[in-house]
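These notes are about the structure you will find just below.
The values are calculated or read from the model by the stated rules, or taken from the named source; none is laboratory data. Computed from a prediction, not measured in an experiment: that's the story for all the values here. Cβ placement follows ideal geometry from the backbone for every residue including glycine, while neighbour counts extend to all protein chains displayed. These area figures cover heavy atoms from the full protein model, side chains too; ligands, DNA and RNA do not enter into them. Shrake-Rupley method; radii C 1.70, N 1.55, O 1.52, S 1.80 Å.
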Amino acid sequence: MVVLRREIGDVLRDARQRQGRTLREVSSAARVSLGYLSEVERGQKEASSELLGSICEALDVPMSLVLREVSDRIAIAEGLLIPDTVPAEFTDVVGGHADGSWARARAELAPIG
């Protein structure tokens, strides 16, 4: 059975490790205790939407991308093939950030509505 909190934790940990950052650095930037962030990353605690937002901001990763990856992982675990729904022009913008910075992508994506 897929456990949502574990998938969220795995995605957050992967993002942090790709950036070469420590739990201490991210917990400080997100203003959450190191122990609690560790529990979230290990899937032992459910992150509230506010906490998830703070962690994503500290990692400089849009929450929508974190949730998208979580959704994709769950779909794979369920044996589903979900077609890519991101328009090609956004894929080029978001996909080209080797340094982990999403600032350019944020600037180029207009709010909906």
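Cα-based radius of gyration for region 10-70, normalised by 2.2 N^0.38 Å, reads 0.96. The listed residues I74, I82, once ranked by accessible area (1.4 Å probe) with the largest placed first, stand as I82, I74.
Per-peptide packing, taken as the mean over residues of other Cβ atoms within 10 Å, places 15-24, 37-46 in the sequence 37-46, 15-24 from highest down. Extending 7 Å from Cα along the Cβ direction at R31 and again at E50 yields two label points whose distance is 1.0 nm. Accessible-area rank, largest first, for R73, R6: R6, R73, with all protein chains present and a 1.4 angstrom probe.
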